[in-house]
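A.B. asks: Here it is: the structure, laid out below.
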Amino acid sequence: MVETVKIQKTEAFDVVICGGGTAGFCAAVAAARSGAKTAVLEKWGMLGGTMTVGGVPAPALFHAHGKQIIAGIAWELMTNLADHGFAQLPPPPYTATHSQLAVEVNPFQAAVFMDDMVQKAGAKIFFHQPVAYVLAENGHVSAVLVATGNGLVRIEGRVFVDCTGDGNVAAMAGAEYELSDELQPASLNSVIVNCSPCPKDSEAIHQDFLRRVEAGEMSSHDIWGCNTYGVSRGYGRGRSANFSESYAQNVGSNLNHVYPFNGADDESRTQGEIEGRKSIARVIHWLNQVVPGYEHAYVAACSPQVAARESRRILGNAYITGEDYVRGVCPPDSVCYSFYPIDVHRGTEDAPLDNEFLEQGRVPGIPYGALVAKGFDNLMMAGRIASGDRRAQSAFRVQASCMAMGEAAGTAAAMACQAGVAVDALDVQSLRQRLAQNGVLVPGISQI
């Protein structure tokens, strides 16, 4: 029996951005501002990805070794938020540790500002409409089908940019990708409220947690690294603002590790969502029992999805290695900078985090080829799925780097449409010049 699928309608665009997270937001604004008819397809009802929906409102890093290394659309958003009192920019001289150099944003207001920027640029937003199928043949994507409340809608495009975070579109198109046997743990983020600062014995609280883990009442992943001190003392993440300033907003961010977790596998994602909520519930029950001032603490909000750190990495025409990243290599076709230590989260109690820091003066570049899917003439990717090995990805996966990649990919997609060329045949030096003119800090062109 042959089944036919009814297509409700068809819409055509120059550039189709699949995913409206940090990378997809910047890609959509860049493409639309460049004159391309642009669509951004987002499975949730909010732009911003991990920064908003995912509950990690601390994009990093825009600075390295005392200098700004990422600007453009991403920094425009950050400064606009700060000007209105909705973000705290890191203070100069920008030489603090990486955990203290993030921009701390109000996630709701960030989403409002992103809506405004995308719409003013002229891009069309498709909320609650994830890609369900990709029509691709011989290295060319002709259209995607999105799932809507009224059935399937066909979205045609000249260039497609996968910003889904898990590489769903590229994988459905048949692009090559890597998926490690062991993946970094994910996190389910929450907002914990109704807490009061009280004198407490932090060491006794810590030992109580360890005893409960040993007894099987709790999991060591419930508080990653078993670091109970930040939770019990009421310090937020990032620059460690005091209890009253940041506790309710930020302390639950990246509180746990959901492990094992594969965001590219539906069964793993389903089980991860269930276990993530159970983990948070265990922590709240423990806080209510053990920590003074937390007797009536509760979860006021929880992200609607577990935030993955790693899944597919799409193979491109260039490949970023961890060795090159740490050495600060900037290939001739670099379209933006990236900066963060190698940051591999592990599913072990004794060594939950593997960091390797970049030496003074070393700031790597993201090559254009790492944003072009290998073997395709009109498929790009931006964000944590860019082409590179696992160690490099653990660093360039952070939000500021994803935003910079998104702007580069969106600009390139629009330029390819206007020039009538395949994305792998685009004049990269012209792209680099265009990005620099638009305020992007481009290796070899911009002074940092």
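A.B. asks: Quick one: net charge of residue 328's neighbours, Cβ under 9 Å, K/R +1, D/E -1?
C.D. replies: Summing Lys/Arg as +1 and Asp/Glu as -1 gives 0.
A.B. asks: Given the rule -39500 (n - 2.57) for each run of at least 4 DSSP H residues, summed and divided by the residues of the chain, what is its mean residue ellipticity at 222 nm, to the nearest 500 deg cm²/dmol?
C.D. replies: Dividing the helical sum by the residues of the chain leaves -10000 deg cm²/dmol.
A.B. asks: Only Cα pairs within less than 10 Å get springs; with that Gaussian network setup on the chain, which residue of 282, 384, 313 has the largest fluctuation?
C.D. replies: 282
A.B. asks: Report the local net charge at residue 360: Lys and Arg +1, Asp and Glu -1, summed over other residues whose C-beta lies under 14 Å from its C-beta.
C.D. replies: Net charge around residue 360: +2.
A.B. asks: On the full set of protein chains, 1.4 Å probe, figure out the accessible area of residue 112 and give it in Å² to the nearest 10.
C.D. replies: Rounded to the nearest 10, the figure is 60 Å².
A.B. asks: Determine the sum of side-chain charges near residue 29: Lys and Arg each +1, Asp and Glu each -1, restricted to other residues whose C-beta is under 15 angstrom from that of residue 29.
C.D. replies: Net of charged neighbours comes to -1.
A.B. asks: Pairing the Cα long axis of helix 428-437 with the longest principal axis of the chain, what angle in degrees results, from 0 to 90 and rounded to the nearest 10?
C.D. replies: Roughly 60 degrees between the two axes.
A.B. asks: Dipole of the chain (Lys/Arg Cβ +1, Asp/Glu Cβ -1, origin at the Cα centre): which of 408, 289, 1 lies farthest to the positive side?
C.D. replies: So the residue we want is 408.
A.B. asks: For 337, 133, give the ranking by accessible area with the largest first, probe 1.4 Å.
C.D. replies: The ordering from most to least exposed comes out as 133, 337.
A.B. asks: What is the diffusion coefficient of the range 289-448 in µm²/s, taking the Kirkwood radius over Cα pairs and the Stokes-Einstein relation at 20 °C with a viscosity of 1.002 mPa s?
C.D. replies: Roughly 125 µm²/s, to the nearest whole number.
A.B. asks: Please work out how much accessible surface residue 97 shows to a 1.4 Å probe, ignoring ligands, DNA and RNA, in Å² rounded to 10.
C.D. replies: About 80 Å², ignoring ligands and nucleic acids.
A.B. asks: Taking a 1.4 Å probe, which of 389, 201, 116, 83 shows the most accessible area, and what order do the others take after it?
C.D. replies: Largest accessible area first, the list is 83, 201, 116, 389.
A.B. asks: Using a ≥ b ≥ c from the Cα gyration tensor of the range 1-98 (square roots of the eigenvalues), is it rounded, prolate or oblate, where a/c under 1.5 gives rounded and otherwise the larger of a/b and b/c decides, a/b for prolate?
C.D. replies: Note, shape of the range 1-98 comes out prolate.
A.B. asks: Say we join alpha carbon atoms closer than 10 Å with springs in a Gaussian network model of the chain; which of 102, 318, 215 then has the biggest fluctuation?
C.D. replies: Result: 215 has the largest fluctuation of those listed.
A.B. asks: Rounded, prolate or oblate: which one fits the range 55-134, using the alpha carbon gyration tensor with axes a ≥ b ≥ c (rounded when a/c is under 1.5, else prolate when a/b beats b/c, else oblate)?
C.D. replies: Prolate shape, in that a/c is at least 1.5 and a/b is the bigger ratio.
A.B. asks: Still on this model: Just the number please: accessible area per residue for the range 1-141, 1.4 Å probe, all protein chains included, in Å².
C.D. replies: Result: 43 Å² per residue.
A.B. asks: Give me the percent of the accessible area of the chain that comes from carbon and sulfur atoms, probe 1.4 Å, all protein chains in place.
C.D. replies: 49 percent
A.B. asks: For the chain, give the share of DSSP beta bridges that are antiparallel, in percent and rounded to the nearest 5; count only bridges with both residues there.
C.D. replies: The antiparallel proportion sits near 60 percent.
A.B. asks: So what does residue 273 come to for accessible area, using a 1.4 Å probe and Å² rounded to 10?
C.D. replies: Only protein atoms counted, so the area is about 20 Å².
A.B. asks: With the convex hull built on the Cα atoms of the range 122-206, state its orientation-averaged projected area in nm².
C.D. replies: So the mean shadow area of the Cα hull is 11.6 nm².
A.B. asks: Tell me, what is the per residue accessible area of the range 375-418 in Å², probe radius 1.4 Å?
C.D. replies: Solvent-accessible surface per residue comes out at 14 Å².
A.B. asks: Give 9/37; 43/67; 43/120 a once-over and call out the pairs whose C-alpha atoms are over 25 Å from each other.
C.D. replies: Those over the limit are 43/67.
A.B. asks: Let a ≥ b ≥ c be the square roots of the eigenvalues of the Cα gyration tensor of the range 249-378; is it rounded (a/c under 1.5), or, if not, prolate (a/b larger than b/c) or oblate?
C.D. replies: Since a/c reaches 1.5 and a/b is larger than b/c, the shape of the range 249-378 is classed as prolate.
A.B. asks: I need the chymotrypsin sites (Phe, Trp or Tyr not before Pro) found in the range 6-45, filtered to DSSP loop residues with at most 12 other beta carbons within 10 Å of theirs.
C.D. replies: Of the chymotrypsin sites (Phe, Trp or Tyr not before Pro), not one in the loops of the range 6-45 has a Cβ with at most 12 other Cβ atoms within 10 Å.
The values are calculated or read from the model by the stated rules, or taken from the named source; none is laboratory data. The shown structure was predicted, so the numbers you read here are calculated from the model rather than taken from an experiment. Cβ sites come from the backbone with ideal geometry, for glycine too, and all protein chains shown count toward neighbours. Please note that ligands, DNA and RNA were not included when accessible areas were found on the heavy atoms of the full protein model with its side chains. Shrake-Rupley method; radii C 1.70, N 1.55, O 1.52, S 1.80 Å.
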